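Novice: First the structure, which I've put down as structure tokens, then a few questions once you've had a look.
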Amino acid sequence: MQKNEYIEAKCIDYTHDGMGIVRYEGMPIFVKNMLVDEIGKIKIIKVLKKYAIGRLIELSDSSPLRQEARCPIFKQCGGCHLQHLNQLAQQQLKTKRVADTLLKIGHCQVPVEPCLMMENPWFYRNKVQVPVGMHQNHLVTGFYKQHSNDIVAMDQCYIQNELSNQIIPFTRQLLEEVGEKAYDKVTHQGNIKHILVKYGYHTNQAMLVFITYQRSIRQKDYLIQALKKQFPQLKTIIQNYNPRHDNVILGDDVMILDGDGYIEDQLLGNTYRISLKSFYQINPLQVEVLYQKAIEYANLQPTDEVIDAYCGIGTISLSLAQYVHKVYGVEIVEQAIIDAKENAKRNHIDNVEFYCQDAGEFMVDFATKHKHIDAVIVDPPRKGCSQLFLNQLLLLSPDKIVYISCDVATQARDIDILQQHGYHAVKCQPVDMFPQSFHIENIVLLTK
């Protein structure tokens, strides 16, 4: 097989990120935008030792599961991956991906329920952070091309909430009006790095954040007044100063320009305060589906004591509280714990204790005190649980572990360790928190 060679082949499977897989002369070829069972003409654009990359030129046999992408820049933008698959195809891909990953990495044959899909899988994200760049001496906002630092200019994103789609272009126009320039990664000139918006789906409150390379913003007061006049939903406006030259988006310095520095939203009957650096699930409708399923899996009793590891601002802890005697929430991000404690107060929940600590170290302390725990709810970051945490979890030996994850590969790795020490995966439920993308949220119940 040679670069620039043309072949005709049938797609037989998907990669973890939704690319089609074809085989030709024993070599797997990964082809973007190709669906299972489709046959097409493919141009080989890269040949490596164990696989090749191809570009779909034309289809001779199209799948009935193919749909026209709604977004006109879908093929250029790196934000979505699966708009060319209809709902059934996305459900099949995500369900199979979970089952395959749990089996391959976790050596786990747990039955996997069909992925719970979103009824209206558009305009759902409550948080958007868009890079700002320059094109022909004008500011542009959009998303990066895949594997690139080039910005695809965009005013409307079909998976971001509709208020953000209005705020961002208006903000860009104001910044250009006052003479602000985008930060340049090469020359380290300019100022505006990103524009970030958080939105409370149930409260209709919005937060706008300028992420800047410099400490100052031109005509700041004028910008604030113009934004608030245009968008009364803006409850707070913030500047985040980030002088770093790497790809870390948020800096350490947070300056509240207007409002209280947070917005509120509601989830399963509770009200939450959301700060700039607070983690809050990005799909406000599906997160309720996710948490309700996790609570159902835990089968909690009124006398139970539960640990919520990696608790964030307390959304799972406070959702659990009404079903159990005691919840202990632990999170390493200080601002998140401040918000979690405030959220407990405002919702009049007094059977939850929050601790600002590394989850692994917290488990060491807890295990040392020989406290009995009935269930542990684990919702770690994408990298999964630390070995220290898993060791102490095994020492605590709760009857049930409900493991929620946004990365099924690291989840499968951790489940493999737990299964080697007496736990058994009983149930598995994927939830489509990220429609139109290959990402997936997954719940697994483990018992002794």
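The values are calculated or read from the model by the stated rules, or taken from the named source; none is laboratory data. Quick caveat: nothing in here was measured; it's all calculated off a predicted structure. Note that each Cβ is placed from the backbone with ideal geometry, even for glycine, and that neighbours are counted across all protein chains shown. These area figures cover heavy atoms from the full protein model, side chains too; ligands, DNA and RNA do not enter into them. Shrake-Rupley method; radii C 1.70, N 1.55, O 1.52, S 1.80 Å.
Novice: Could you state the accessible area per residue of the chain in Å², with a 1.4 Å probe and every protein chain left in place?
Specialist: Per residue, the chain has 45 Å² of solvent-accessible surface.
Novice: Given Cβ point charges of +1 (Lys, Arg) and -1 (Asp, Glu) and nothing else, what value in debye, to the nearest 20, does the dipole of segment 1-149 about its Cα centre take?
Specialist: Working: 20 positive and 13 negative charges, 111 e Å.
With Lys and Arg at +1 and Asp and Glu at -1, about 540 debye.
Novice: Please build a GNM for the chain, connecting alpha carbons under 10 Å apart, and tell me which residue among H424, H202, H135 fluctuates the most.
Specialist: H135
Novice: Still on this structure, please answer the following. Cross-link list K75/K193; K181/K341; K96/K326: which exceed 29 angstrom alpha carbon to alpha carbon? Walk me through the numbers on the way to the answer.
Specialist: Values: K75/K193 24 Å; K181/K341 39 Å; K96/K326 37 Å.
With Cα atoms farther than 29 Å apart: K181/K341; K96/K326.
Novice: Keeping the other protein chains in place, figure out the carbon and sulfur percent of the accessible area of segment 187-259, with a 1.4 Å probe. If you can, show how the numbers build up before the last one.
Specialist: On the way: 1580 of 3530 Å².
Here it works out to 45 percent.
Novice: Gain in length, K43 to K277, computed as 0.36 nm per residue apart minus the alpha-carbon separation, to one decimal in nm? Mind dumping the intermediate values first?
Specialist: Working: separation 234, 0.36 × 234 = 84.24 nm, distance 4.41 nm.
Taking K43 through K277 to full extension adds about 79.8 nm, to one decimal.
Novice: Quick one: putting +1 on the C-beta of Lys and Arg, -1 on the C-beta of Asp and Glu, what dipole do you get for the chain around its Cα centre, in Debye to the nearest 20?
Specialist: Result for the chain is approximately 1100 debye, rounded to the nearest 20.
Novice: Any lysines with Cα under 17 Å of the K448 Cα? List them, leaving off those in the same chain fewer than 8 positions away.
Specialist: Straight-line reach from K448, under 17 Å: K400, K427.
Novice: Is any residue of segment 353-383 close enough, with backbone N under 18 Å, to a label point placed 7 angstrom from the Cα of Y323 along the Cα-Cβ axis, and if so, which?
Specialist: 353, 373-380
Novice: Same structure again: For M134 and K50, what does the FRET efficiency come to when R0 = 41 Å and r is the distance between their Cβ atoms, rounded to the nearest 0.05? Before the final figure, lay out each step's value.
Specialist: Details: r = 40 Å, r/R0 = 0.97.
The calculated FRET efficiency here is 0.55.
Novice: Rounded to a whole number, what % of the accessible area of segment 369-410 do carbon and sulfur atoms account for, probe 1.4 Å?
Specialist: 55 percent
Novice: Next question, about the same structure. Could you please state how large a percent of the accessible area of segment 82-167 is carbon and sulfur, counting protein chains only and using a 1.4 Å probe?
Specialist: So the carbon and sulfur contribution to the accessible surface is 48 percent.
Novice: So, one more: How would S60, S278 line up by accessible area, probe 1.4 Å, largest first?
Specialist: Ranked from most to least accessible, the order is S60, S278.
Novice: Report, in debye and to the nearest 20, how large the dipole of segment 140-264 comes out about its Cα centre when Lys and Arg carry +1 and Asp and Glu carry -1 on their Cβ.
Specialist: Dipole about the Cα centre, nearest 20: 100 debye.
Novice: Separate question: Nearest 5 percent is fine: what portion of the DSSP beta bridges confined to the chain is antiparallel?
Specialist: The answer is about 70 percent antiparallel.
Novice: Hey, another quick one. Please list, by residue number, every one of the GluC sites (Glu not before Pro) in segment 117-181 that is coil in DSSP and has at most 14 other beta-carbon atoms within 10 Å.
Specialist: Those that pass, being in a loop and sparsely packed, are E119.
Novice: Name the long-range amide H neighbours of I45: under 5 Å, sequence gap of 5 or more, or other chain; modelled H, no Pro or chain starts.
Specialist: It is N4, I53, G54, R55, by chain and number.
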